[in-house]
Amino acid sequence: MKNVLLAFFAMILIGCNSNAQKKQSSQTPQYKVSKTEAEWKSELTPAQFTVLRKAGTERPFSSDLNKIKEPGTFVCAACGNELYLTKHKFESGTGWPSFDRPLEGAVAYGADSKLGFERDEVHCADCGGHLGHLFDDGPRETTGKRHCINGVAMKFIPDGKK
Ligand SMILES: [Zn+2]
């Protein structure tokens, strides 16, 4: 039964992503910031490595970034790419930092990397590091999107401290 489900899921993925994959394969598959697994391992903490490079998920309510309300920018913990702004953050109650939109071009979605990304996966557009997932149950009054992001995959830079 499990195999049948997996096969079914794979078919959906392939079906939905065939256009995206065609587009991506014509472009260079390399990210702007590209390092070996050993390099990432030496630069990141074990928790960051597990999330960013192995597509892991941190425990809910474990990140200090959940509480942040002051104006500033959330950047990729691996490469420093600016990802999200505090003004687009909202309290989702999930225990993970949540945003209704990313900064333009900062993140990419779904299957294209060695990490084995699934369809609703969100990753850093610059280094390919896994950030979290995208859902359609965000605030209706704004975008309706919920970027559910692992705090450990980001660093917060308050405005004026760049
Ligand atoms: Zn990055």
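The values are calculated or read from the model by the stated rules, or taken from the named source; none is laboratory data. Computed from a predicted structure; not experimentally measured. Quick reminder, even Gly has a Cβ in these numbers, built from the backbone with ideal geometry, and neighbours come from all protein chains shown.
At a glance:
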quantity: Matching residues, segment 32-57, being touching a residue at least 24 places away in the same chain (Cβ under 8 Å) and aliphatic (A, V, I, L, M); calculated: V33, L44, A47, V51, L52, A55
quantity: Residue match in segment 73-95 (condition: more than 16 Å from the ligand (Cβ to nearest atom) and either modelled with pLDDT under 95 or more than 22 Å from D137 (Cα to Cα) (or both)); calculated: no
quantity: Any chance G15 is of a type outside the set (S, T, N, Q) and either closer than 23 Å to G138 by Cβ or modelled with pLDDT of 95 or more (or both); calculated: no
quantity: Residues of segment 60-72 classified as touching a residue at least 24 places away in the same chain (Cβ under 8 Å) and either closer than 15 Å to H147 by Cα or surrounded by fewer than 19 Cβ atoms within 10 Å (Cβ to Cβ) (or both), total; calculated: 9
quantity: Test for V122: is it touching a His at 6+ places or on another chain (Cβ under 9 Å), farther than 26 Å from K161 by Cα and within 12 Å of the ligand (Cβ to nearest atom); calculated: yes
quantity: Meets criteria (surrounded by fewer than 18 Cβ atoms within 10 Å (Cβ to Cβ), among the charged types (D, E, K, R), at pLDDT 95 or above and over 11 Å from the mean Cα position of the chain (by Cα)) for E104; calculated: yes
quantity: Entirely in segment 47-162, the strands (runs of 3 or more DSSP E) that have 3 or more residues that are over 17 Å from S34 (Cα atoms); calculated: 72-76, 82-85, 130-135, 146-149, 154-158
quantity: Hits in segment 126-143 - residues which are without any contact (Cβ under 8 Å) to a residue 60 or more places away in the chain, more than 23 Å from S62 (Cβ to Cβ) and either in contact with an Asp or Glu (Cβ under 6 Å, 6 or more places away or on another chain) or buried (at least 17 other Cβ atoms within 10 Å of the Cβ) (or both); calculated: P139, T142, T143
quantity: Residue, farthest from the ligand (Cβ to nearest atom), within segment 41-72, restricted to residues that are touching a Lys or Arg at 6+ places or on another chain (Cβ under 9 Å) and over 21 Å from G110 (Cα atoms); calculated: K69
quantity: Filter result (buried (at least 17 other Cβ atoms within 10 Å of the Cβ) and among the polar types (S, T, N, Q)) within segment 28-59; calculated: Q48, T50
